[in-house]
Amino acid sequence: MPSEDLAMSDLEQTFINEEFTATTVSPADLDEYLANGWRHFGTYFFRYNLGIFNDEIRRVVPLRIRLSEFSLSKSQARILRKNTDLRIEIRPIKITAKVEDLFERHKLRFKQHPPDSLYTFLSTEPSKTPCESLELGVYDQDRLVAASFFDAGRSALSGVYAVFDPDESHRSLGIFTMLKEIEFAIESGKQFYYQGYCYGGESFYDYKKRFRGTEAFDWNGNWDRFELTL
């Protein structure tokens with residue numbers, strides 16, 4: 001059972017650093033790529049098992065949630081309750097001026113290496129290239145306060161990126177959009193929700209670890225239950 005403390009002594013395996021480009025990926029193929037540790041930004045697909053964080057070599061750990069084993073923690077239930085006044089819309093991705101404005105405000109949160117554009121993460125035709133992708137819009141009445149983007153496979157959904165209004169940080173909208181994507185995945189009869197990579201040890205990706213039913217990929221083709229602290 002993998003734990004949050006994944007030290008360098010655990011890294012007795014071949015270094016993996018692979019990439020390819022694809023403009024068309026079927027739902028079944030997307031499931032297979034995700035199950036083997038691949039991620040993608042637009043048409044660029046990649047996977048790697050080691051990364052640099054705080055000048056340290058860290059193990060890169062792909063994560064997913066087995067939805068049959070998912071349940072809300074107390075803190076996640078509180079986030080849902082305090083956002084019951086918000087309206088949710090799920091639709092094919094369409095990058096509007098409102099979404100781009102939200103991205104520009106959101107990226108001010110990053111003190112180092114802020115992303116240049118939403119198209120760093122999405123293709124120029126994000127709803128269908130390279131695969132079916134959807135947008136979850138979050139509205140306070142008619143004001144867009146958050147948007148997240150996710151891919152749809154045959155048996156899985158995979159989170160890609162999310163933006164939110166920094167003035168609404170008290171709402172924990174990053175977690176809220178993930179919870180709503182998970183809810184949509186369950187309602188759609190999916191088996192897995194992929195929340196992306198984290199690092200071994202502590203990092204800014206730790207929020208991805210705090211979901212019940214989470215599994216970690218061992219880079220040898222196996223997914224094991226992830227031992228987490230809620």
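The values are calculated or read from the model by the stated rules, or taken from the named source; none is laboratory data. Keep in mind that this is a model prediction, so the values were computed, not measured. Using ideal geometry, Cβ is built from the backbone for each residue, glycine included, and neighbour counts are taken over all protein chains shown.
Does Arg78 count as surrounded by 12 or more Cβ atoms within 10 Å (Cβ to Cβ), more than 24 Å from Asp218 (Cβ to Cβ), basic (Lys, Arg) and modelled with pLDDT of 95 or more?
Values: surrounded by 12 or more Cβ atoms within 10 Å (Cβ to Cβ): yes; more than 24 Å from Asp218 (Cβ to Cβ): yes; basic (Lys, Arg): yes; modelled with pLDDT of 95 or more: yes.
In short, yes.
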Residue list for the stretch 163-193, filter: surrounded by fewer than 21 Cβ atoms within 10 Å (Cβ to Cβ) and assigned to a strand (DSSP E or B): none
In the stretch 42-83, residue farthest from Ala156 (Cα to Cα) [restricted to those that are acidic (Asp, Glu) and not in a strand (DSSP E or B)]: Asp55
Hits in the stretch 52-79 (condition: within 19 Å of the chain's Cα centre (by Cα) and among the β-branched types (Val, Ile, Thr)): Val60, Val61, Ile65, Ile79
Checking Ser123 against (1) surrounded by 14 or more Cβ atoms within 10 Å (Cβ to Cβ); (2) at pLDDT 95 or above; (3) touching a helix residue (DSSP H, G or I) at 6+ places or on another chain (Cβ under 9 Å), the condition it does not meet: (3)
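Would a scan of the stretch 150-160 turn up a residue that is touching a strand residue (DSSP E or B) at 6+ places or on another chain (Cβ under 9 Å), of a type in the set (Lys, Arg) and modelled with pLDDT of 95 or more? Write out each step before concluding.
Here is the first cut: in the stretch 150-160, the residues touching a strand residue (DSSP E or B) at 6+ places or on another chain (Cβ under 9 Å) are 150-153, 155-160.
Subset that is of a type in the set (Lys, Arg): none.
For the stretch 150-160, residues touching a strand residue (DSSP E or B) at 6+ places or on another chain (Cβ under 9 Å), of a type in the set (Lys, Arg) and modelled with pLDDT of 95 or more: absent.
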